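J.: Before anything else, here's the structure in question.
Readers should treat all values here as calculations from the given coordinates under stated rules, not as data from a laboratory. As the structure is a computational prediction, the values presented were derived from the model and not from experiment. Note: ideal-geometry Cβ built from the backbone for every residue, glycine included; neighbour counts use all protein chains shown.
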Amino acid sequence: MIESTTSSALSPYRQRGHSPAGWLLNLFSNVWLGIFWAVLIFFYCSIGSAIPAVRQHPNLEMTEFEWFHWWPFALLIVLFCTTMIVTTIRRIPLRPINAGVWTIHTGIVTLAIGSYYYFSTKVEGDVPVFRRSVKIQMPGLGEPETFVALPGSETRVVADSATWTFRVVSTNSSWPILSDEHKGENAYAINVQVTPPSGEPFIRQLLAGYPQYTEDIIPGKGRAIKSIGRKLVAEDLELSLDYHATEYFHVMDTWALFVRKVGDTDWVERPIEGLGRYNDRVSSRDQVFRDPHEPFTLRPIDLAVPATAQNDPLEAASLNITGYLRYARLQREWRDGGERLNPILQLQLVSSGARSESYELAAFDRVRSQAADGNIQFVWLEKASQRAELANDSRAILHVSVPNTEVSFDVVITPEVLGAPLTPIEGTEFAYRVTNVHDRLTLPGRDRPVSLAVVEIKTPTETFRRWVADLPEHTKDLRDGGDVHSVEAAEPDPRIEMTYHPQSAPIIFAGYPGGLHFVFNGPNGRVLEREVSPGETIEVIEGLSLRVEAYLTHGVAKVKPFIVPKSSRQRDVGVTFAMVRVEIDTGRDVQTRWVPFQRYVFPNETYTYGGRFAYAPERFRGANGVPVEVVFSRRRVKLPHPIAMEAFHLDTHLGGYSGSTSTIRNYVSELRFLDGGQWTETVPIKVNQPAEYGGFWYFQSMWDRPSASNPTGGMNYTGLGVGNRHGVHIQLAGCCLAVSGMLFAFYVKPVMKRRAHERSRRKLSESERATEDSAQAFADEAARPVKV
Amino acid sequence: MKERFRIRPIDAMVVLSIIGYAGWRSMNRAPETGDSPKTPAQQVDLAFAQQVDLTPLYKTAVQADGRLRSFESHAKRSMGIIAGARSIQGQSNGFTYLDLMLRGQAYDETELIYVKHKDVRRQILDVLAGHGDIDEQRREAIQKRGLFSRKMLMHPVVGALLERLGKDLIRTSKVVDAIHFALTASHDRFLAQNLRLIAPPGGTIDTPWFSITALEQSGGAPRDAIHAGLQTASTIPGLDEQLSENLTEAWSSLRAGWRSRDATAVNTQVEKLAQLLPLVAPNLYPSLGRLGMESWYFRSKSMTWVWLLYLACVIPLLMSIIYKWDRARTAGLVLFVLAFAAHTASIGIRWYISGRWPNSNMFEALTTSAWFGGVGALVLERIARRTPLRNLFALGSAVMSMVALMAAYFLPVQLDSGISNKMAALNDVWLYIHTNMIIWSYAMIALACVPALLQLRHRWCASWDRSTIPRARLLLLPIALVVLNYTGYRLLMHVLDDPARQLSGNTLMGTSGAFWGSLMIVLLEAMAVKTRIAAGAKVERSASGGASALIGGGGASFLTKDRPTAGEVFDGATMVLVELSFIMLWTGLVMGAIWADHSWGRPWGWDPKEVFALNTFIIFLVLIHVRLKVRDKGFWTAILAVFGFEVMMFNWIVVNFVITGLHSYA
């Protein structure tokens, strides 16, 4: 292509080679130089992409994006394009026959320009958009309060100096409406448990889009209208659903600290520049726990994170980052010798064939005093003599007595008992049947777990159910109401008394001054009992043993980040488990804390959604002793139009597919944008079908999958990708130019050449007509052997 | 004037090394079946296995992983999870599935669970041997074959080992998870619950099917006097009572017959079940033709044996290229068309079974890419039928398809031919065009590699004949190239930071030494070539380009000249394919960017897969420009075409499996 024109173009530029400019021009008119740049680009790309260790080196700390936007790469592209432009202009005459090469090269330059525009203006990030928030209004409350509607989110509201608690207990993404008018429709339902300052808690059910169907449900009694005759228990309390407006998105691969005074709702951003992401930065070995076998290099860092906003609550103090860990978790390490009694027990459970488990028990901690689903319990005894008082068996027992009679007996609850028919109580008119037991239930509004035995009691006049609790005040009698949905609870019938002792943990460790006692109870009584000391292994039953790793009576915790060894890290979690060491110097004192990373900055802890989103602010004291909170997250950008989600649904694609072969699901977020104070019509966003609004494009990227056990749960938020894409049309135009140029150069140009050749041949042999049949010539050609 | 074909030393080297490699592989290959049965009980089992005929059942539908499969395909997939692609005691997958489900305990000591990772195999065997539970001979057999018995894996010492290995998330936790999953999957209840053979009456295509055990729950008790009055109501809502009764009876008789090793009874009940099952919900039941097709397709190894047909056409095609012998050409082309037709049938059947164009996993991408190569070759053969370039495209396609299908045939574990559903993100027309365009361009790159290699062979022979290079050096050169490629690959994998492929001390030293040594040899030879050409050595003529050679004109085409040399012919064919792959690869990249733009919001994300596709393109860009500047165009074109092929394969295999990125599902 170029070669045929090279010799003619050779002479003029050679002559200009004397001046430096001419020399440079000649240098850049060299195809070899272009090839050289292409080869360098090849190596640069290969290293950046295949060997991440290079760009992730402590001195570079680059993401893929950063590596490919580093000046050496930009320079290579500029040199490549310059060489291409100069060579094309100087050595390829602009004639129709060369249109292909010119078009390709123009296309590549256009693509490079478009890409420069695109990448230099690129902003890309992501945002979760929640489906609804709950709005609370009631007398005595000035402004309405709102909180996000996610299962587990809880808020307290003070009205007339009385505290109400609101907690979203569950959501249902397809609640069937049974009322006539909207029968058959499904709504998004939110169940809020309301705990009034006095009286029993109740559930208020809210349906998105159907405020008229709001109603209260009384636990154990069913719908309020059935038991108290009106739909709402508290008619003054007005709960409604509102769109949850999302105003910011977070930019990928950035860092920022956010600060606010404790009590404020808005965060003030402090961007972090120059903090790497791949290598740990620790200045002293004392700051962390680590695996001694892992290689560890001290790499100090002291990075100032100055305030950039006017209203920064820490303006007067200096804030620095003095450590960074890519993958760590805060670990508590216990040492003995505290002033306070705090018994701690560390155990390892080993069973053959299965993986072993480690437990850490604290006798004085309500939750952590039990382990292995309540099968192991750790208690503290004031005196060694109390060992004799430990439970003798692990059985669950129902005690039954009938006042004013001799009748008083224990029923050991075994599977046989649960299946047995009604048993008459001799000497009385009652019969009973234990139908079920529920041990250690966590009930809303109770701080202690409750254990229940459900007993059916037959009296001469009726049969009712009794919930026999381990605490007498929780025992209730239940009688069915008018229909299947309503149940009436009442105080227990005094004519027959019952108490329930739940099954105790089969394995009990009892610490006492001077030792540790171990008890293993079977359902029929004591199996094993002995003293143990740390380091000892007890074979509980064949194939199952317990090892006491450590036992401390006066445990003191030391909390430091533990650097998780490389081999134990989960893949593809990025910086989810990163943390920074923040040092705040207020002038009077210096405080340091490790602050864990959280993907998004939320106003409060109601957004954690059962641990799905991190919310981990650390508290510091500001300049005037004012408490301040700090969060480690990513930079955020205000959306031009706040977004809300109307609904989220799954489409089962069947177009072109049948059930017998394949089904593909699609995920659809119905969004609204706030424009001029008004929410727009819904805009659907699906996989492969983004939408643009106000200069940003929104892409479906994550969804709130319902759990297998609760198929109507989930779908409470959607994860969207947000980004701009300036210049993609220039890029596309460049690519199309290049393709058309290639087609021309490879397939049109030879035809043009052949025609030109045929024309000249015709001219030459006008007299002596070509008798050759070209097809025949081809055939002859093909028949000849080739030397191999 | 016919020229005598001579086998050159280079041919001998290639053929011998292929035979040597194949021999070495087959020596290390695991025996396909375990020990032959010895005890009388085992002989009864063997006789039973031979007499049972599950053919009617193979065509029944099972709902699994969100789609309907034939029982044959379901059993193959389940056994694949449990035993890799290994056959258990020479039984069919369907038989093993049912036997494992109905007589689970009988398999406790059978070597059943496949452990893919060789080092984990060794570690398990080490601890077992340390406990004296295994003899040397059995140990060696298991190390090779990879199948462990459940008893071995349930051994406490193995449990402790697996627990430790499971904590290493980078190296072995996936392997341990796979072992645990295989153990679970081999459980009789798991197998029974997943045998969802019963369509839900009155359901829709989204309704889950019922497992065969639903029949046991509904009326598992025999219908006789003793059991009269026991629950008979079906737990399958809407199921016709009579049908339910018949099904239950057939299933319980089958179970009873199976357990008493009564093949006749089993065969009768199998036939009965196969007739009854489609009647449960006829509107939901897939067509028997499709199920039969699926069953046949999987039983015939996904038709990967077509590689033999391709092999058969390679020889006559080579002969026709060398001798210009018309009969060899006819025979070669007829065989090629036959092989291609069979290949097309395999793609078509797969399309029919899965309901989508087969291009969504590695197996499908590879076989479909090879098929695209065949389409391209047929079109090019038609265009170039009267030029000296003919036969080369068919040959390239035959070789490429043969290698691709051989890979699928011999590596069923790595290239899983199971059919699964597609992800939502992949359901897009641009993506469809993009992936097909890309794999088509890959096929063209692979096709171009064949004439390029012939070109290199031709050059080597010319040097041998003319003795332009001392013959010892000439013999060393291909060896150095192979060593360079192999050690380069190993070192790259070492640098890639994948712990499973790290080289240790001495191996690393040796590999590096061999790499740099062979690189020196190749560079010295390249410099020698350059010096020779600079000194005025004669340079072989080359084609004017690909399409331009075919289209001709301006004296550019060698076709108008008297005698095209072999070098020109090979160069022309390489260039035709290089130009096509150049355009297709670029177009494919652009279409990928368009898809990525509207699916992820960024046309280009510097993802390894994208970067290496771009790198492949850069190699071809360099090739086209190097052709403008060098004197020996044919030689450098061949070198770069082969290198481009290597970069493409690196992208397709290493980047896909090792350097995972966003594209890792494709």
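J.: Length gain on complete extension for the stretch residue B:15 to residue B:109, per 0.36 nm per residue less the alpha carbon to alpha carbon distance?
T.: 29.5 nm
J.: Relative to the present Cα-Cα distance, how much length would full extension add between residue A:649 and residue A:364 at 0.36 nm per residue of separation?
T.: This chain segment gains 98.0 nm when fully extended.
J.: Still on this model: Kirkwood Rh and Cα-based Rg: tell me the resulting Rg over Rh for the protein assembly as shown, rounded to two decimals.
T.: Answer for the protein assembly as shown: 1.00.
J.: Counting only the backbone N, which residues of segment A:411-443 are under 14 Å from the spot 7 Å out from the Cα of residue A:399 toward its beta-carbon?
T.: Answer for segment A:411-443: A:411-412.
J.: Given +1 on the Cβ of Lys and Arg, -1 on the Cβ of Asp and Glu, and no further charges, what dipole in debye does segment B:71-193 carry about its Cα centre, rounded to the nearest 20?
T.: Here the size comes out at about 380 debye.
J.: Another question, if that's okay. Per DSSP H run of at least 4 residues, take -39500 (n - 2.57); add these up for the protein assembly as shown, divide by its residues and hand me the 222 nm value, nearest 500 deg cm²/dmol.
T.: So the helix-based figure for the protein assembly as shown works out to -13000 deg cm²/dmol.
J.: About the Cα centre, and with charges only on the beta carbon of Lys, Arg (+1) and Asp, Glu (-1), how big is the dipole of chain B? Nearest 20 debye, please.
T.: 2800
J.: Evaluate the charge dipole of the protein assembly as shown about its Cα centre and quote only its size in Debye, nearest 20, assuming +1 on the Cβ of each Lys and Arg and -1 on the Cβ of each Asp and Glu.
T.: That gives a dipole near 8520 debye.
J.: Cross-link partners among lysines for residue B:151, C-alpha distance below 26 Å, same-chain residues fewer than 8 apart left out?
T.: B:38, B:76, B:116, B:118, B:167, B:174
J.: Which cross-chain or sequence-distant (5 or more) residues have an amide H under 5 Å from the amide H of residue A:187, H modelled 1.01 Å from N in plane?
T.: A:175, A:177
J.: Could you work out how much longer the chain between residue A:604 and residue A:763 gets when fully extended? Use 0.36 nm per residue separation minus the Cα distance between them, nm to one decimal.
T.: 48.4 nm is the gain from fully extending residue A:604 to residue A:763.
J.: If you wrap a convex hull around the alpha carbons of chain A, what volume per residue comes out, as a whole number of Å³?
T.: That works out to 337 Å³ per residue.
J.: Which distance in nm do the two modelled labels at residue A:169 and residue B:177 give, with both placed 7 Å along the Cα-to-Cβ direction?
T.: Spacing of the two 7 Å Cα→Cβ label points: 3.6 nm.
J.: Moving to a separate point now. What's the FRET efficiency of residue A:431 with residue A:473 using the Cβ-Cβ distance as r and R₀ = 22 Å, to the nearest 0.05?
T.: Efficiency at R0 = 22 Å is approximately 0.30.
J.: Report, in whole Å, the centroid distance computed from the Cα atoms of segment B:482-536 and segment A:343-390.
T.: 60
J.: Here's another thing I want to ask about it. Cα convex hull of chain B: how many Å³ per residue?
T.: It is 197 Å³ per residue.
J.: Place a point 7 Å from Cα of residue B:24 in the direction of its Cβ. Which residues in segment B:467-491 have their backbone N less than 17 Å from it?
T.: B:478-491
J.: If you count, for every residue in A:732-745, the Cβ atoms of partner chains within 10 Å of its Cβ, what is the mean?
T.: Counting Cβ atoms of other protein chains within 10 Å of each residue's Cβ and averaging gives 3.
J.: Taking R0 as 51 Å, what's the FRET efficiency between residue B:149 and residue A:297 from their Cβ-Cβ distance, rounded to 0.05?
T.: That pair, residue B:149 with residue A:297, gives E of 0.65.
J.: Can you put B:112, A:452, B:524, A:732 in order, fewest other beta carbons within 10 Å first?
T.: Least crowded to most crowded, the residues run B:524, A:732, A:452, B:112.
J.: Once phi is turned into θ = phi - 60°, what whole-Hz ³J(HN,Hα) does the Karplus curve with 6.51, -1.76 and 1.60 give for every residue of segment B:483-489, x standing for Gly and Pro?
T.: The phi angles translate into 4, 4, 5, 5, 5, x, 4 Hz.
J.: Report the relative contact order of chain B, percent, no decimals, based on alpha-carbon pairs under 8 angstrom and at least 6 residues apart.
T.: 11 percent.
J.: Here's another thing I want to ask about it. Describe numerically, in nm with one decimal, the distance between label points set 7 Å from Cα along Cα→Cβ at residue B:489 and at residue A:70.
T.: The modelled label-to-label distance comes out at 2.9 nm.
J.: At what distance in angstrom do the alpha carbon centres of segment A:404-426 and segment A:509-530 lie from each other?
T.: The distance from the Cα centre of segment A:404-426 to that of segment A:509-530 comes to 29 Å.
J.: Can you give me the relative contact order of chain A as a percent, contacts being Cα pairs under 8 Å and 6 or more apart?
T.: About 17 percent, as a whole number.
J.: Also, quick follow-up: Residue A:137 to residue A:588: FRET efficiency via 1/(1 + (r/R0)^6), r the Cβ-Cβ distance, R0 35 Å, to the nearest 0.05?
T.: Efficiency, rounded to the nearest 0.05: 0.20.
J.: Can you give the local net charge around residue A:359? Use residues other than it whose beta-carbon is closer than 13 angstrom to its beta-carbon, Lys and Arg +1, Asp and Glu -1.
T.: Around residue A:359, the charge tally is -3.
J.: Less than 23 Å apart at the alpha-carbon level, and either on another chain or at least 8 residues along: which lysines does that give for residue A:753?
T.: List returned: A:763, B:561, B:629, B:633.
J.: To continue, here is another question. Starting from the 7 Å offset along Cα-to-Cβ, what nm value, one decimal, do you get for the label separation of residue B:327 and residue B:164?
T.: Calculated label separation equals 6.9 nm.
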